[in-house]
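Asks: Here you go, one structure.
Where a number appears in this text, it was derived from the coordinates with a stated rule and is not lab data. This one's a predicted model, so the numbers in the text were calculated from it and none came from an experiment. Because the Cβ atoms are built from the backbone with ideal geometry, glycine has one as well, and the counts that use them run over all protein chains shown.
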Amino acid sequence: MFRPILKDLKAIWVLDSRSNPTVEVFAYVQRKGDIFVDSFIVPSGASTGEFEALELRDNEKDFHGKGVNKAIKNVSYILDHLYNTHVDDIFEVDRKLIELDGTKNKSNLGANAILGVSVAIAKAVAKSYDMPFFKYLSFWTKSYEYYLPIPMMNIINGGVHADNDLDFQEFMIVPLGFEDFSNAIKASSEVYNSLKKILKENNLSVSVGDEGGFAPRIDSPFKACEFIIAAIEKSGYKVGKDFYISIDVAASSFFKDNKYIYLKNPINHKELINVYEKLISSYPIFSIEDPFDENDWEAWKEFTNKYKNKILIVGDDIFVTNIERIEKGINNNVANAVLIKLNQIGTLSETIKAISLANKNGYKTIISHRSGETEDNTISHLATNNSYFIKTGAPARSERNSKYNELLRIYNFYNLNYYATLYKSNYLVTS
Ligand code: PGA
Ligand code: ZN
C-alpha cells in the first residue's frame, strides 16, 4: 500500500495584505518512503458574515489584538492527533478536525488553524501523487472537466474596504465576451488602466482600496458604473457584450436599526430595491451580491422572485459557505448563486460539499478571495472545478494577481477552455 501518511505539521504567522498576521500551515506527508511538503496561507475578511466560522485571534497586546499564536499552538495539538495517520481522504481528515474542535463554528481550535491544516494536507497529498492540485481536487469535486473561471474583478472599492463615501462595497467588471482566458485578463487590465486615466482626468484620487480597485471620493453607485462604462469604451470594448458589471453591495455593513443607510439616509428594503431596479435598467448589470442584510430574508425573497431570471443574485454573508444556510436559501427561493469562501466554513471538504449542493440545485458558484489576502493561489485551482466564476479583486496588487497569474499558468500549460462561451450559450439572458 502506498497511501500517504502525515509526518509533520508546522504553523507560522506571516503577514496579509492589510499587515495583519495570518496562519500559514506546512504539511509533510510520506509516501513510498519520500516526504512531500506543501502549504496554505489562510486569508481574512473585513465584511465578515455573522454566521462565519470563527477566526481565532489572540486578543492580546501584539498586533493590536490580532495575533494568531493561539491558532498556531492549536496546529500542534492537531498534529498530536493526526500524526502517522493516513491522510488521503479529505472527508475523513476533515471529519477528524471537526471532531477534535467539537464546536459548531470551529471556535475551539479556530477556523484559521483548522482550514490551514485541511488545505495544506490536501495539497501535500496531491504533490505525493505528482498531480497539479486542480486535478487532484476533481477526485472530491467529481468534476472531471476543468474550465478557466470567468473573473469578477473589483475595480472600484467602497464600503468597509475603502476610505470613501461609497456605500456599496465592490464594483466589478465581468469579461464575458472573450474566447479565451488570457484575452479576458488582457482586456480587463486595459480597462483597469483606462479607468485610472479617467479618474485622473476627473481630478479624482487613484489610490486603491483593500482589493486593489480604485477608491475615488465619490458616493453614488451610478457614478461608479458611469466611470466603469467610460473605461470599457475608452479601451475599445463593448459594454454589455465584452464586459458586464457586477456589484457586491455587502448590505449588512450599512444596515442599522432595520434600515439601510444609503447616501446617509435611512431607507427601507423596498426603497433599496428601487435603487437596484434603476441600476439594472441603466447598466448591463450581471450580478448583485448581498443586496440585503444577512437576516433580512423577506427582502431577499422579494428581490429574488422579481429578478432571478434576469441577473445573478449572489449570497455571501447570508450563506457563509454553510450547507445548512444554503439549503435554507434553496428552500426559501432566496438568491440563485452562492459565493464560496474556504475560511467562512473552515475545511476544504465542507467547501466542496457547499459547491456540490449549490450546483445540484441550479445555484451558480463563485469561488472568492477575502479582502485580507496573501500570495497564496490555491483558490485558482478550486475555481477550475465546477464553478463558473472567480472573484479575486482588481487585476492589480500581487495578492490579487497571484490568483489570476496562477490561472494564466494553468491556461498556458494545460490549455483549458474559458467558461464564458459555455456560460453565454447556456444562461445569458440578453434583453
Ligand atoms: P470580505 O469581502 O473578505 O471583507 O468579507 C469580500 C466580500 O464581501 O465578498
Ligand atoms: Zn461579499
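Asks: Pull up the DSSP beta bridges for the chain and report the antiparallel fraction as a percent, rounded to 5.
Replies: Given both bridge residues lie in the chain, the antiparallel proportion sits at roughly 60 percent.
Asks: Okay, moving on. Calculate the FRET efficiency for L428 and E375 from the Cβ-Cβ distance with a Förster distance of 30 Å, rounded to the nearest 0.05. Write down the numbers at each step before the final one.
Replies: On the way: r = 34 Å, r/R0 = 1.12.
In this case the efficiency is close to 0.35.
Asks: What FRET efficiency do you get for K278 and D219 if R0 is 25 Å and r is their Cβ-Cβ distance, rounded to the nearest 0.05?
Replies: So, using R0 = 25 Å, E works out to roughly 0.95.
Asks: Which FRET efficiency, nearest 0.05, do Y414 and R18 yield, Cβ-Cβ r, R0 41 Å? Don't skip to the answer; put the middle values down first.
Replies: Values: r = 33 Å, r/R0 = 0.80.
For R0 = 41 Å, the calculated efficiency reads 0.80.
Asks: Which residues among the range 350-371 fall inside the zone where the amide N is under 20 Å from a point 7 Å beyond the Cα of T85, along Cα→Cβ?
Replies: Residues 350-353 qualify, since their backbone N sits under 20 Å from the label point.
Asks: Here's a follow-up. Which entries of K32/K353; K234/K270; K403/K424; K186/K306; K142/K424 show an alpha-carbon separation above 28 angstrom in the structure shown?
Replies: From K32/K353; K234/K270; K403/K424; K186/K306; K142/K424, over 28 Å: K32/K353; K234/K270; K186/K306.
Asks: Give me a comma-separated list of calculated 3J(HN,Hα) values for the range 335-342, in order, Karplus coefficients 6.51, -1.76, 1.60 applied at θ = phi - 60°, integers in Hz, x for any Gly or Pro.
Replies: Couplings: 6, 9, 8, 10, 7, 10, 10, 3 Hz.
Asks: What is the sum of charges, Lys and Arg at +1 and Asp and Glu at -1, for the other residues whose Cβ falls under 12 Å from the Cβ of S76?
Replies: Value of the local net charge: +1.
Asks: Counting pairwise Cα distances across the chain, what percent come out greater than 40 angstrom?
Replies: Here the tail beyond 40 Å accounts for 14 percent of pairs.
Asks: How would you rank 312-319, 187-194, 30-37, highest first, on the average number of other Cβ atoms within 10 Å across their residues?
Replies: Final packing ranking: 312-319, 187-194, 30-37.
Asks: Straight-line reach from K70: which lysines have a Cα under 26 Å away, not including same-chain ones fewer than 8 places off?
Replies: Partners within reach: K7, K10, K61, K96, K104, K106, K123, K341.
Asks: Using the charge dipole of the range 147-426 (Lys, Arg: +1 at Cβ; Asp, Glu: -1 at Cβ; taken about the Cα centre), state which of A337, V314, L148 has its Cα farthest towards the positive end.
Replies: L148
Asks: Around L263, with a cut-off of 10 angstrom between Cβ atoms, what is the net charge of the other residues, counting Lys and Arg +1 and Asp and Glu -1?
Replies: Residues close to L263 contribute a combined charge of -2.
Asks: Which angle between 0 and 90 degrees, to the nearest 10, do you get for helix 111-128 versus the longest principal axis of the chain when only C-alpha atoms count?
Replies: For 111-128 against the chain, the angle is about 70 degrees.
Asks: Turning to a different aspect of this structure: Any idea what angle helix 269-282 forms with the longest principal axis of the chain, computed on alpha-carbon atoms, 0 to 90 degrees, nearest 10?
Replies: The angle comes out at about 70 degrees.
Asks: Shifting gears a bit: Treat the count of other C-beta atoms within 10 Å as a stand-in for reagent exposure and order M152, M131 from fewest to most.
Replies: Least crowded to most crowded, the residues run M131, M152.
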